């Protein structure tokens with residue numbers, strides 16, 4: 001049986017505004033988990049360098065993402081909340097993992113293929129090694145679980161591969177130093193330094209799609225601001241975006257089967273269900289046979305009611321950068337204690353000479 005201390009790690013990049021999909025698919029769940037788990041939540045500002053952001057924008061975005069975390073309900077006293085670059089051991093462990101991971105593993109990453117496009121030779125080394133840093137983010141704290149969406153599962157599988165290869169490559173050293181932990185891997189019980197981190201996959205209702213194209217995920221990087229509801233949007237903007245959301249000419253169906261082949265309708269029903277805490281079936285029973293104009297009005301009212309308190313708190317926090325910085329500073333100090341203890345063991349495992 002896995003005897004690592006159960007710990008959750010997750011984070012978001014400070015690029016673009018966090019939106020409704022981020023809230024329903026991640027933040028809302030993070031808030032719930034902090035009441036029952038040991039949680040570490042990070043603003044992964046080092047990852048943002050892969051797109052060479054303007055330095056001032058990166059500073060501001062880091063604070064804005066932190067404000068969104070706190071406004072959504074993350075409690076910096078219950079959880080550790082910090083920005084990645086504040087804890088130097090992230091990059092130190094990433095280099096060790098760069099020497100563990102194989103180039104073939106990185107080349108197979110779907111995200112690298114998508115972002116590098118056809119001109120791979122012109123892609124940055126950071127973009128290629130991005131998943132190695134992600135593995136370091138997770139394993140630096142020996143996190144046992146990561147809440148992820150289906151599209152991030154490949155990166156977590158790579159993290160598991162890196163952990164397993166490290167444990168195997170240094171098995172004798174780990175054993176001689178007495179720093180290994182017994183854990184179950186399949187039918188076997190093995191000893192290793194890093195856990196084989198498990199995914200916590202969010203349910204299908206949490207997969208929020210674009211308001212302009214129901215076949216694509218709602219994204220911070222979509223060039224159309226109408227494709228998403230940002231957490232910073234005011235009530236008027238939210239209402240306008242929902243009113244303009246793409247739909248079809250048919251009425252709301254009364255049964256789930258009636259949503260097949262209707263991506264935009266399915267998405268809006270899913271958003272209503274997620275915001276109201278209902279199943280899609282209940283939403284269809286309430287609105288079946290009605291036109292989208294009526295449904296969108298109800299959805300806009302619901303979205304404004306749910307998101308306005310978060311928006312107002314975000315704006316209050318953004319206006320107080322000194323407080324945000326104090327939260328990140330305190331979280332960074334607490335994270336650094338865990339990080340240095342684990343990194344010190346890694347240095348000993350791989351053979352680095354230390355005082």
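Read-outs throughout are calculated quantities, based only on the coordinates presented, and are distinct from any laboratory measurement. This structure is a prediction, so every number in the text was calculated from the model and none was measured. Cβ coordinates were reconstructed from backbone atoms using ideal geometry, including for glycine residues, and neighbour counts include every protein chain displayed.
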Within 10 Å, count the other beta carbons around each residue, average over each peptide in 75-86, 238-249, 171-182, and list them highest first.
75-86, 238-249, 171-182
Approximate spin-label separation residue 281-residue 355, in nm, with each point projected 7 Å along Cα-to-Cβ:
6.6 nm
For the pair residue 169 and residue 184, how long in nm is the line joining their label points, each one 7 Å along Cα→Cβ?
2.9 nm
Here the gain from full extension of residue 250 to residue 191, 0.36 nm per residue of separation minus their alpha-carbon distance, amounts to 15.4 nm
Quick one: among 41, 141, 170, which has the greatest mean-square fluctuation in a GNM of the chain with alpha-carbon springs under 10 angstrom?
170
Picking from 237, 159, 189, which is most flexible by a Gaussian network model of the chain using Cα springs under 10 Å?
189
Given 125-137, 283-295, 224-236, the highest-first ranking by average Cβ count within 10 Å works out to 125-137, 224-236, 283-295
Can you give the convex hull volume per residue for the Cα atoms of the range 207-317, as a whole number of Å³?
97 Å³
Could you tell me the relative contact order of the chain? Use alpha-carbon pairs under 8 Å, at least six residues apart, and round to a whole percent.
23 percent
Radius of gyration and Dmax over the Cα atoms of the range 1-155, both given in Å:
15.7, 47
Just how far, in whole angstrom, is the range 24-81 from the range 229-305 if you go by their alpha carbon centroids?
28 Å
In nm, to one decimal, how far is the modelled label at residue 77 from the one at residue 125, with both set 7 Å along Cα→Cβ?
4.6 nm
If you build the convex hull over the alpha carbons only and average its shadow over all orientations, what do you get for the chain? Give it in nm² to one decimal.
19.9 nm²
Students often check this: by mean Cβ neighbours within 10 Å, which of 192-198, 310-316, 161-167 ranks highest, and how do the rest follow?
192-198, 161-167, 310-316
When 200, 218 are ranked with the fewest other C-beta atoms within 10 Å first, the list becomes 200, 218
In the chain, what % of DSSP beta bridges are antiparallel (nearest 5)?
30 percent
With the chain treated as a Gaussian network of Cα nodes joined by springs under 10 Å, which of 298, 48, 143 yields the largest mean-square fluctuation?
298
Nearest 500 deg cm²/dmol is fine: what mean residue ellipticity at 222 nm does the chain get from its DSSP H runs of n ≥ 4 alone, each adding -39,500 (n - 2.57), divided by its residue count?
-15500 deg cm²/dmol
Zone of residue 110 (label point 7 Å along Cα→Cβ, backbone N under 16 Å): which residues in the range 158-174?
158-159
